[in-house]
């Protein structure tokens with residue numbers, strides 16, 4: 001209150017008495033109800049923020065050497081530092097492919113009246129999780145699996161391809177869990193677009209491609225940027241399928257495997273924390289870059305201008 | 001909508017549906033292969049197994065101590081649902097109804113665990129829990145699983161609570177309801193559908209949560225999905241059919257709850273937030 | 001259903017204030033409402049009338065002042081301890097309870113159960129003419145019916161004070177007219193005090209015993225509907241009471257409560273509502289229906305005109321650009337030059353802002 005500094009004569013009546021503290025706090029939004037946020041907030045502080053901070057501190061307290069020794073070791077040792085490239089080689093192409101598939105399909109499906117069967121089928125791999133998908137693909141993509149059998153039977157290939165325990169296997173698993181994820185996110189953002197906008201574009205002479213590039217794409221691009229970030233972060237943290245379906249000592253030695261081995265095989269929690277921090281930093285860098293690009297785009301309502 | 005009739009756009013439409021169909025077909029075939037193999041006597045180098053049996057289920061039950069694992073899974077899931085429901089709903093109520101300094105920061109703290117993948121924060125979290133002597137215990141697994149569950153409940157419930165007119169609560173107060181009666185007679189009945197949906201989704205997600213449980217669990221606190229991972233990891237030690245039988249048990253447990261959840265929520269809500277749905 | 005066993009108590013508001021930092025929603029409101037009285041708080045949106053009502057209900061805490069019901073100070077009580085009835089603008093019916101449960105909510109909170117509660121709910125529903133709808137959910141009813149349920153819920157507890165927050169604003173025009181009479185009838189039947197917030201002067205004039213006109217968190221004028229309609233004490237109140245013409249000029253002759261105002265060289269005789277010294281700026285307020293054609297009036301050119309049955313109403317522009325709203329018994333043409341004047345008791349003169 002700005003007038004508090006002005007000394008005034010004692011109030012003649014009770015009118016000008018200062019309101020009780022509880023009233024003043026309530027005016028700023030702090031009352032008993034606000035305190036209900038505390039238990040959950042403290043739980044997340046204790047179980048998420050504190051461990052992160054603890055990990056950060058631990059990562060600069062290496063078993064030997066200066067405070068940056070873990071980070072120096074990570075980047076000096078190709079066995080460790082190459083995991084970043086190996087992970088990006090998997091995560092970037094598969095995320096781009098997932099989005100490239102998700103957009104046209106979501107644009108079609110949004111016009112369907114009975115979407116539920118399709119969305120229910122697609123939600124299966126997400127709910128079942130990567131471990132089950134890995135086990136299923138080991139069988140399905142294996143040399144005797146149905147996938148190879150069908151291709152051989154169709155005459156596309158002469159002999160079964162090796163599709164598991166290598167890069168391709170992990171890629172397939174990221175596709176089968178990542179595509180539905182990207183698709184459902186895209187679908188929920190494209191269903192918000194007013195169909196009248198596309199009709200208006202058509203009425204003004206835009207063909208299908210022009211309607212997509214000039215009207216639809218600019219409207220969904222901010223949502224796509226967020227979808228890209230979420231999909232990428234998921235793909236970048238690939239773990240069980242990289243072990244089970246990939247070559248964990250070779251082409252699919254991803255960064256989470258390095259972190260896991262440091263912690264649970266070498267018991268070097270300090271190095272493991274450093275790797276986890278590097279993993280978080282790379283994700284953050286890519287997400288920040290995409291979101292910075294997004295901030296240059298139109299991000300207003302997509303439902304038309306009315307209301 | 002606009003129906004283009006040119007050959008190019010027809011071709012494009014067909015291509016889009018063909019890709020969708022192909023994806024679904026491969027997905028369903030992959031699941032079918034797991035189910036079929038779990039009932040197979042022998043399946044090598046043929047389109048279909050030579051014969052069918054249910055003995056792998058009994059074998060799997062004994063080999064992997066599925067009874068114990070299921071009990072642990074249910075305990076973990078029940079506790080996570082209970083605690084994240086209590087903390088998440090109350091926090092969502094405060095965030096939906098009050099504006100206070102620092103609210104954006106609080107929201108960010110709730111958003112981050114959903115954006116950062118579990119393996120990234122799981123390793124420091126596991127380290128802390130090991131130091132605290134909680135890793136390897138049931139409670140350690142529960143605590144770890146609360147990290148994504150509480151924010152999930154908060155973010156699902158906020159838009160749900162926001163769409164309830166606060167004047168209804170004001171009316172209850174004016175007509176004489178104290179805090180307890182307001183909660184029991186007015187708020188709870190109105191919130192039940194939202195709470196049910198949020199908790200069912202937490203339930204499904206916790207059953208399938210591999211990374212956090214894997215990093216924190218000990219031999220006696222493994223959930224089904226972690227046990228499945230170890231079984232697949234050590235494939236070759238056991239018969240493949242036995243592992244697939246366990247995978248089918250896991251699928252059944254997950255899908256039962258998924259089917260129940262889908263009675264209350266839209267499949268898109270499992271990945272996207274309810275708010276985006278409401279906007280359309 | 002009456003409160004005859006309890007003498008109606010006065011509600012005394014003194015120095016009611018609610019302000020935070022630079023924002024003042026309510027600035028020292030003093031008002032005594034007699035037991036059994038129907039008082040309307042009237043004003044444009046943002047004038048503090050809803051804030052006042054919410055403060056009386058206890059839904060907003062006061063930053064200053066006190067509220068007494070009879071001898072009892074109630075401003076520190078929680079809303080649930082005040083025992084008032086309230087009708088909300090959005091009705092705020094409990095969507096998960098049927099009509100009978102909604103109406104009986106206040107009784108249940110007071111521990112009144114069974115036969116006694118059922119009978120009172122039935123009586124209240126009879127009073128709002130909804131006996132047959134007791135089993136319906138609010139979502140299955142029309143806006144007008146929901147409104148009646150909200151009223152029944154407020155009166156069934158026989159509260160000393162019923163608070164109504166723009167209860168008719170969500171209804172269509174025809175229903176609004178019906179409900180006005182209905183609400184007044186119910187008020188007379190139960191005999192409790194009613195405080196009614198509205199921005200519609202017709203509503204206030206037709207229903208209230210007394211009207212409190214508010215602006216910027218303060219009371220502008222308190223009076224009976226006739227008082228306010230005939231003798232507004234402030235240009236803002238006049239504006240609200242249909243004096244759409246506000247002519248700015250200079251007072252030239254002041255004699256008792258009569259004054260002449262010179263506007264664009266023309267003199268207009270009127271009644272003084274507040275002291276103005278000769279030569280000072282003044283405002284003359286006139287209703288459109290009182291500003292008519294005259295031989296020697298204010299010259300103005302017709303800008304638009306429409307026929308509204310029996311008479312023509314139009315706008316004209318005076319020489320200084322002021323827009324005038326007038327009535328005419330004959331048809332006038334676009335751009336016709338008119339002379340407009342009003343009888344002196346129909347012209348109210350207020351002090352004007354210094355130029």
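Modelled label positions at residue C:323 and residue A:68, each set 7 Å beyond Cα in the direction of Cβ, lie 7.1 nm from each other. A simple packing score, the average count of other Cβ atoms within 10 Å per residue, orders the peptides C:90-97, B:9-16, A:80-87 as C:90-97, A:80-87, B:9-16, with the highest score first.
For chain B, the relative contact order works out to 27 percent when only alpha carbon pairs closer than 8 Å and six or more residues apart are counted.
The Kirkwood radius of the range A:162-203, taken over pairs of alpha-carbon atoms, gives through the Stokes-Einstein law at 20 °C and 1.002 mPa s a diffusion coefficient of 167 µm² s⁻¹. All C-alpha to C-alpha distances of the range C:21-110, sorted into 5 Å bins beginning at zero, yield P(r) values of 2, 10, 19, 22, 20, 13, 9, 4, 1 percent in whole numbers.
Shape analysis of the range B:55-279 based on the Cα gyration tensor places the equivalent ellipsoid semi-axes at 37, 20, 15 Å, largest first.
Between the range C:174-223 and the range A:152-224, what's the alpha-carbon centroid distance in Å? What the calculation gives is 60 Å, centre to centre.
One chain, two ends: residue C:78 and residue C:12. Fully extended at 0.36 nm per residue, the span grows by 22.0 nm beyond their Cα-Cα distance. Overall, the anisotropy analysis places the range C:308-355 in the oblate class: the square-rooted eigenvalues a ≥ b ≥ c of its C-alpha gyration tensor yield a/c not less than 1.5, with a/b not exceeding b/c. For the range B:40-77, the residues whose backbone nitrogen is under 19 Å from a point 7 Å from the Cα of residue A:152, taken along Cα to Cβ, are B:42-51. Extents of the range C:190-343, taken as max minus min of Cα coordinates on every principal axis and listed largest first, are 56, 41, 24 Å.
Approximating the spin labels as points 7 Å out from Cα along Cα→Cβ, the residue A:30-to-residue C:174 distance works out to 5.5 nm. Considering the protein assembly as shown at the alpha-carbon level, its Rg and Dmax are found to be 36.8, 118 Å. Whole-percent P(r), the range B:1-53, all Cα pairs, 5 Å bins from 0: 4, 17, 15, 14, 10, 9, 8, 7, 7, 6, 2. When peptides C:163-173, B:29-39 are ranked by their average number of other Cβ atoms within 10 Å per residue, the highest-first order is B:29-39, C:163-173. Peptide B:233-242 has a mean shielding of 1, counted as Cβ atoms of other protein chains within 10 Å of each residue's Cβ.
Compactness of the range B:1-136, taken as the C-alpha radius of gyration over 2.2 N^0.38 Å, stands at 1.77. Under the criterion of Cα pairs below 8 Å and six or more residues apart, the relative contact order for the range A:51-295 equals 32 percent. Per residue, the convex hull spanned by the alpha carbons of the range B:77-198 comes to 129 Å³. Counting every C-alpha pair in the range C:265-355, the share spaced more than 20 angstrom apart comes to 36%. Quick one: helix C:143-155 against the long Cα principal axis of chain C, what's the angle to the nearest 10°, folded into 0 to 90? Between helix and principal axis, roughly 60 degrees. Assuming R0 = 60 Å, what is the FRET efficiency of residue A:22 and residue C:311, from their Cβ-Cβ distance, to the nearest 0.05? After rounding, the FRET efficiency stands at 0.55.
Each peptide in A:197-204, A:48-55 gets a packing score, the mean of other Cβ atoms within 10 Å over its residues, and the list from highest to lowest is A:48-55, A:197-204.
Calculation over all alpha carbon pairs of chain C in 20 angstrom steps from 0 returns a P(r) of 27, 46, 24, 3 percent. Between residue B:183 and residue B:99, the contour length at 0.36 nm per residue exceeds the Cα-Cα span by 28.2 nm.
How tilted is helix C:173-190 with respect to the longest principal axis of chain C? Cα atoms for both, answer in degrees (0 to 90, nearest 10). In chain C, helix C:173-190 runs at an angle near 60 degrees to the longest axis. Working note: Cα atoms of the range A:51-295, range along each principal axis, descending, whole Å: 71, 50, 27. DSSP beta bridges confined to the protein assembly as shown are antiparallel in about 75 percent of cases. With respect to chain B, whose longest principal axis is taken over its alpha-carbon atoms, helix B:118-131 is tilted by about 80°.
In this simple spin-label approximation, residue A:120 and residue A:77 carry label points 7 Å from Cα along the Cα→Cβ vector, and these lie 5.0 nm apart. Peptide C:19-29 has a mean shielding of 2, counted as Cβ atoms of other protein chains within 10 Å of each residue's Cβ. Here residue C:108 and residue C:230 are evaluated by their C-beta separation; at R0 = 41 Å the FRET efficiency comes out at 0.30. If R0 is 51 Å, the Cβ-Cβ spacing of residue B:75 and residue B:163 corresponds to a FRET efficiency of close to 0.90. Where in the range B:100-134 does the amide nitrogen come within less than 18 Å of the point 7 Å from the Cα of residue B:230, taken along Cα to Cβ? In the range B:100-134, the label zone of residue B:230 (backbone N under 18 Å from the point 7 Å along Cα→Cβ) covers B:130, B:134.
No lab work stands behind these numbers, since they all come straight from the coordinates. Bear in mind the structure is a predicted one, so any value in this text is a computation, not a measurement. For neighbour counting, all protein chains shown are included, and Cβ atoms are generated from backbone atoms with ideal geometry for every residue, glycine included.
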